[in-house]
């Protein structure tokens with residue numbers, strides 16, 4: 001006689017969570033968030049006019065939370081491919097520390113809180129830009145572009161370029177040529193930065209079917225485009241000095257570091273397309289991170305010195 005099985009299957013998304021605070025923190029992509037916060041602070045500080053310090057802090061915190069929300073939504077949607085790629089297999093969802101339902105709920109709640117808080121306490125232009133940034137990264141880039149076109153990084157890079165524009169809008173309530181230049185620096189920097197990574201992680205992307213440029217167009221075409229974008233970046237990177245909203249120190253530093261960026265891009269371009277070690281690509285990727293932090297770091301230092309000591313450098 002068969003014994004009836006009266007047990008019920010419980011959806012894994014609704015089991016009692018055993019996640020730790022650290023797991024939710026990892027869901028925010030803290031390294032990406034740090035760059036977002038850094039560039040947003042630069043945009044806020046170099047913007048003309050003044051902002052109440054408390055309101056400025058609120059704006060930056062909201063931008064950080066919005067960036068974290070984007071990261072959570074990205075990890076929720078990309079959990080399937082994250083589990084396959086060596087670079088992402090230890091993220092909270094594929095490692096089993098969080099469920100997809102928890103990540104989705106967390107991302108949506110943070111999105112709502114960040115947008116409405118900055119809208120109510122700062123201004124609605126910055127809120128609209130933040131909402132668009134979250135939507136662009138989570139929906140346009142993650143759900144559409146990433147798996148459908150090798151131009152995913154080029155178009156999707158806009159999401160990471162908006163933070164300084166949001167910081168600027170928090171102070172001025174406007175979008176100006178200066179804030180567009182700050183946007184453009186990050187936007188044009190993104191393809192050589194990520195394509196350098198894609199050159200030495202091509203197998204990972206190929207294994208999960210993400211059409212990164214090396215997998216679709218080949219290494220040589222990718223190296224050509226890295227060099228082209230790096231050349232285009234050069235005049236944009238030094239533009240803040242010539243436009244008058246950054247001092248001579250920024251002009252000198254941005255010129256020197258951009259020359260170094262071009263040198264690393266050139267070495268990457270000269271690299272044999274079948275090079276297994278990919279050392280020049282790895283060096284370009286590492287330097288590109290330092291490069292962006294230095295450029296926006298100088299903007300921040302100049303703005304702080306000007307605010308506190310009325311010193312222009």
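The values are calculated or read from the model by the stated rules, or taken from the named source; none is laboratory data. Since the structure is predicted, the reported quantities are computational estimates derived from the model, not experimental observations. Don't worry about glycine lacking a Cβ; one is built from the backbone with ideal geometry, like all the others, and counts go over all protein chains shown.
Numbers below:
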quantity: Test for residue 187: is it surrounded by fewer than 22 Cβ atoms within 10 Å (Cβ to Cβ), at pLDDT below 95, out of contact with any strand residue (DSSP E or B) (no Cβ under 9 Å at 6 or more places or on another chain) and assigned by TED's automatic domain parsing to the domain that holds residue 285; calculated: no
quantity: Unmet requirement for residue 262, which otherwise passes all of (1) under 11 Å from residue 196 (Cβ atoms); (2) under 23 Å from the mean Cα position of the chain (by Cα); calculated: (1)
quantity: Segments classed as helices (runs of 4 or more DSSP H), wholly inside region 1-115, with at least 3 members that are over 20 Å from the mean Cα position of the chain (by Cα) and at pLDDT 95 or above; calculated: 53-77
quantity: Search result, residues across region 134-152 that are surrounded by fewer than 19 Cβ atoms within 10 Å (Cβ to Cβ) and either assigned to a helix (DSSP H, G or I) or in the same structural domain as residue 219 (by TED's automatic domain parsing) (or both); calculated: 135, 139, 140, 143, 144
quantity: Scan of region 81-106 for residues that are surrounded by fewer than 18 Cβ atoms within 10 Å (Cβ to Cβ) and without any contact (Cβ under 8 Å) to a residue 24 or more places away in the chain, ordered by number; calculated: 83, 89, 90, 95, 96, 105
quantity: Count of region 107-126 residues which are touching a residue at least 60 places away in the same chain (Cβ under 8 Å) and surrounded by fewer than 22 Cβ atoms within 10 Å (Cβ to Cβ); calculated: 1
quantity: Hits in region 190-226 (condition: in a helix (DSSP H, G or I), more than 21 Å from the chain's Cα centre (by Cα) and under 19 Å from residue 279 (Cα atoms)); calculated: 203, 215, 219, 220, 221, 223, 224
quantity: When residues of region 290-312 are limited to those that are loosely packed, with under 13 Cβ neighbours inside 10 Å and in contact with a helix residue (DSSP H, G or I) (Cβ under 8 Å, 6 or more places away or on another chain), the one nearest to residue 245 (Cα to Cα); calculated: 312
quantity: Qualifying residue in region 291-300 (condition: without any contact (Cβ under 8 Å) to a residue 12 or more places away in the chain and under 26 Å from residue 34 (Cβ atoms)); calculated: no
quantity: Verdict on residue 283 being in a helix (DSSP H, G or I), at pLDDT 95 or above, closer than 20 Å to residue 153 by Cβ and in contact with a helix residue (DSSP H, G or I) (Cβ under 9 Å, 6 or more places away or on another chain); calculated: yes
quantity: Those residues of region 155-168 which are in a helix (DSSP H, G or I) and either without any contact (Cβ under 8 Å) to a residue 60 or more places away in the chain or surrounded by fewer than 24 Cβ atoms within 10 Å (Cβ to Cβ) (or both), in sequence order; calculated: 155, 156, 157, 158, 161
quantity: Condition broken by residue 131, with the remaining ones in (1) touching a helix residue (DSSP H, G or I) at 6+ places or on another chain (Cβ under 8 Å); (2) closer than 27 Å to residue 226 by Cβ; (3) assigned by TED's automatic domain parsing to the domain that holds residue 46 satisfied; calculated: (2)
quantity: Test set (1) assigned to a helix (DSSP H, G or I); (2) surrounded by 15 or more Cβ atoms within 10 Å (Cβ to Cβ) - residue 263 fails condition number; calculated: (2)
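For (1) in contact with a helix residue (DSSP H, G or I) (Cβ under 8 Å, 6 or more places away or on another chain); (2) closer than 21 Å to residue 229 by Cα, each residue gets a yes or a no:
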residue	(1), (2)
148	no, no
159	yes, yes
177	no, yes
192	yes, yes
